[in-house]
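A short write-up of the structure that comes next.
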Amino acid sequence: MNMAVIIQARMNSKRLPNKVLMPINGKPIIDYLIEQIKYKNPELPIIVATSKNKADIDIVKHCERLNIDVFQGNLENVSSRFFNIMNAKSLTFCVRVCADSPLLDGSIISRLVKLINDKVDIVTNVYPRTFPKGQSVEVINCKTFISNYNKLNSKQDFEHVTRYYYNNSKVFNILNLQNDKDLSSVNLSIDTEDDYQKVSKIIYNLDKNHYEYSFKDIIRKYNEY
């Protein structure tokens, strides 16, 4: 089975521009995510999917410095980036995560990967969401994605890679991992300046390397502030 983690990243966020490379404790946000994945899923290659927009050249240069594989595609059509990566790398499955999730627990990836089989189209923890925002993971069957790509026909489908599958859930085999407690109201992703400050505070006050904590450990830290 040929599998990779694809990190979706861009610099032109409307609410918090350049957030992907904003530093926390001297380290860019995307680095925390990369370290989480590498520590808990060392066997999975990482590909950063960004755009050909001039603003995203800094992401490309940063990934090159880290020796992380990077792919540049269409700015608005994020789905096409995944489609092209799947074909270029001959992937069987891909793990989709977003770069604005520096505290994503890499063990969630491991748990979802264990659930895949040839008949499943998507394994996810967001349909319905019971995990915190910033802990979202989707494992996509690339054969399904490629064969259905020409059915995407809206701006939202192109921007939100898996939206089409959830909107047509009766057609696809979707497995959802539920948390033991509904924490969907908790936000550990970075979308605004307030999010950035809160996540920064959590990271500043960690006693160990961030990747040594589970998301439940992080939730306890989150609730302290």
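Tallying residues that are part of a helix (DSSP H, G or I) and open to solvent by 80 Å² or more (accessible area, probe 1.4 Å) within region 201-211 yields 2.
When the residues of region 97-123 are narrowed to those that are among the charged types (D, E, K, R), in contact (Cβ under 8 Å) with a residue 60 or more places away in the chain and open to solvent by 30 Å² or more (accessible area, probe 1.4 Å), which ends up nearest to residue 187 (Cα to Cα)? Per the stated criteria, the residue is 100. Does at least one position in region 64-77 carry a residue that is crowded, with 21+ Cβ neighbours inside 10 Å and not polar (S, T, N, Q)? So far as region 64-77 goes, no, none of its residues is crowded, with 21+ Cβ neighbours inside 10 Å and not polar (S, T, N, Q). Checked against (1) touching a Phe, Trp or Tyr at 6+ places or on another chain (Cβ under 9 Å); (2) assigned to a loop (DSSP other than H, G, I, E, B), residue 75 meets all criteria but (1). The single residue among 14, 54, 27, 19 that is under 24 Å from residue 193 (Cα atoms), surrounded by 21 or more Cβ atoms within 10 Å (Cβ to Cβ) and among the charged types (D, E, K, R) turns out to be 19.
If you scan region 30-40, which residues turn out to be surrounded by 15 or more Cβ atoms within 10 Å (Cβ to Cβ) and either of a type in the set (A, V, I, L, M) or over 14 Å from the mean Cα position of the chain (by Cα) (or both)?
The initial filter retains those residues of region 30-40 that are surrounded by 15 or more Cβ atoms within 10 Å (Cβ to Cβ), namely 30-38, 40.
Hits for region 30-40 are 30, 33, 34, 37, 40.
Can you name the residue in region 169-195 that is of a type outside the set (S, T, N, Q) and out of contact with any Ser or Thr (no Cβ under 9 Å at 6 or more places or on another chain) and, of all such residues, is surrounded by the most Cβ atoms within 10 Å (Cβ to Cβ)? Walk me through it before giving the result.
Going residue by residue through region 169-195, those that are of a type outside the set (S, T, N, Q) are 170-172, 174-175, 177, 180-183, 186, 188, 190-191, 193-195.
Pick out the ones that are also out of contact with any Ser or Thr (no Cβ under 9 Å at 6 or more places or on another chain) and you get 170-171, 186, 193-194.
Values: 170: 6, 171: 12, 186: 17, 193: 12, 194: 11.
My answer is 186.
The residues on offer are 5, 60, and the sole one that is out of contact with any His (no Cβ under 9 Å at 6 or more places or on another chain), modelled with pLDDT of 95 or more, buried (at least 16 other Cβ atoms within 10 Å of the Cβ) and over 22 Å from residue 137 (Cβ atoms) is 60.
The condition of being touching a strand residue (DSSP E or B) at 6+ places or on another chain (Cβ under 9 Å) and among the small types (Gly, Ala, Ser) holds for only one of 101, 154, 107, that being 101. Checking each residue in region 58-84 for being β-branched (Val, Ile, Thr) and over 16 Å from the mean Cα position of the chain (by Cα) picks out only 60. The residue list 221, 198 contains one member that is among the basic types (Lys, Arg), over 29 Å from residue 77 (Cα atoms) and open to solvent by less than 40 Å² (accessible area, probe 1.4 Å), which is 221. Here residue 49 meets the list (1) surrounded by 16 or more Cβ atoms within 10 Å (Cβ to Cβ); (2) at positive phi almost entirely, failing just condition (2). Do we find a residue being part of a helix (DSSP H, G or I), within 22 Å of residue 200 (Cα to Cα) and touching a residue at least 24 places away in the same chain (Cβ under 8 Å) anywhere in region 82-90? Within region 82-90 (the criterion being part of a helix (DSSP H, G or I), within 22 Å of residue 200 (Cα to Cα) and touching a residue at least 24 places away in the same chain (Cβ under 8 Å)), the answer is no, since none of the residues qualifies.
The values are calculated or read from the model by the stated rules, or taken from the named source; none is laboratory data. Keep in mind that this is a model prediction, so the values were computed, not measured. Heads up, the Cβs are rebuilt from the backbone with ideal geometry, glycines too, and the neighbour counts pull from every protein chain shown. Side chains included, ligands, DNA and RNA excluded: accessible areas come from the protein's heavy atoms. Shrake-Rupley method; radii C 1.70, N 1.55, O 1.52, S 1.80 Å.
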